[in-house]
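This report refers to the structure that appears directly beneath it.
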Amino acid sequence: MAVTIKSQREIELMRDAGKILAEVHERLAEIIAPGITSLDIDRKSEEWIRAAGCIPSFKGYAGYPASICVSINDEVVHGIPTEEHHLFEGDIVSLDAGVIYKGYQSDAARTHGVGEIDSEAKRLIEVTKESFFRGIEFARAGNHLYDISSAIQQYVESQGFSVVRDLVGHGIGREMHEEPEIPNFKPKFGKGIRLKPGMTLAIEPMVNAGGYEVWILEDDWTVVTQDGSNAAHYENTILITDGDPEILSLN
Ligand code: CO
């Protein structure tokens, strides 16, 4: 399937989906504290997503068993919630969630500190978030896709961290994963597609404090850093317009 251009009606629905997801993330931020389990977070997420009239898009996606991904410390993404995983003071936790509203998807991730965290962990979270904003400066009609990728990579590496290579952002709409793939690094060849108004993209830098290499655990989902360093994730669903990009999943 080619890259889709959304109609006004579709954009409205994606705005609604994004607003709901942004609110779920705001509420989740308030419950992050030492002692809760990743399963507690999953239960709340599913409750709030459904209460808003949405479907949690991750649940059952390629067999994924939960409504949200909860990835702690060296876990980069796709951590599966369980009642055994407790949050401890000083941890960092990445929450990735997706919703479907009237057939349209939104996908967003945030990383939080649990209680007091050290300054390097704080810096990792801030650099990851900032890299998203540096990237979307280039999310403009007429630019090339990899202008976004390059900006993210350059900023992250200038701060002494690395971008994960094995996972990428993506187009989004009726499907969670649409074309194009959106790397957070500049690929060896090409410039990427030319951006057009009406494209909706999930931009999602995944940043490691150490090296960029990752492994997948035995559960076939959880992605962890090979060197055991911390990782952070920040993601929003955005719309390419005639002017500034519109961030759909941030209120
Ligand atoms: Co995504």
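Bear in mind these aren't lab numbers, they're just calculated from the coordinates by the rules spelled out. Being a predicted model, the structure only gives us computed values, none of them experimental. Positions of Cβ are generated from backbone atoms using ideal geometry, with glycine treated the same way; all protein chains shown enter the neighbour counts.
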Of these, Lys102, Lys19, which one is touching a strand residue (DSSP E or B) at 6+ places or on another chain (Cβ under 9 Å) and among the basic types (Lys, Arg)?
Lys19
The residue that is nearest to Thr225 (Cα to Cα), considering only those in region 180-206 that are touching a His at 6+ places or on another chain (Cβ under 8 Å) and within 15 Å of the ligand (Cβ to nearest atom), is Met206
For region 158-200, how many residues are within 13 Å of Gly135 (Cβ to Cβ) and free of Cβ contacts under 8 Å to residues at least 60 places away in the same chain?
9
Odd one out for Glu175 among (1) within 16 Å of the ligand (Cβ to nearest atom); (2) surrounded by 21 or more Cβ atoms within 10 Å (Cβ to Cβ); (3) more than 14 Å from the chain's Cα centre (by Cα):
(2)
Taking region 57-98, which residues are of a type in the set (Phe, Trp, Tyr), more than 15 Å from Thr222 (Cα to Cα) and under 16 Å from the mean Cα position of the chain (by Cα)?
none
Do the conditions hold for Gly63, that is, is it more than 16 Å from the ligand (Cβ to nearest atom) and closer than 22 Å to Arg174 by Cα?
yes
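Condition check ((1) out of contact with any His (no Cβ under 8 Å at 6 or more places or on another chain); (2) touching a residue at least 40 places away in the same chain (Cβ under 8 Å)) across all residues:
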{"residue": "Glu75", "(1), (2)": "yes, yes"}
{"residue": "Gly79", "(1), (2)": "no, yes"}
{"residue": "Glu83", "(1), (2)": "yes, yes"}
{"residue": "Leu95", "(1), (2)": "no, yes"}
{"residue": "Glu116", "(1), (2)": "yes, no"}
{"residue": "Arg134", "(1), (2)": "yes, no"}
{"residue": "Gly142", "(1), (2)": "yes, yes"}
{"residue": "Leu145", "(1), (2)": "yes, yes"}
Kindly indicate whether any position in region 111-134 is touching a Leu at 6+ places or on another chain (Cβ under 9 Å), within 16 Å of the ligand (Cβ to nearest atom) and closer than 21 Å to Gly211 by Cα.
yes
Return yes or no: is Ile72 touching a strand residue (DSSP E or B) at 6+ places or on another chain (Cβ under 8 Å), of a type in the set (A, V, I, L, M) and over 23 Å from Asn251 (Cβ atoms)?
yes
Residue list for region 232-248, restricted to those being among the acidic types (Asp, Glu) and assigned to a strand (DSSP E or B)
Glu235, Glu246
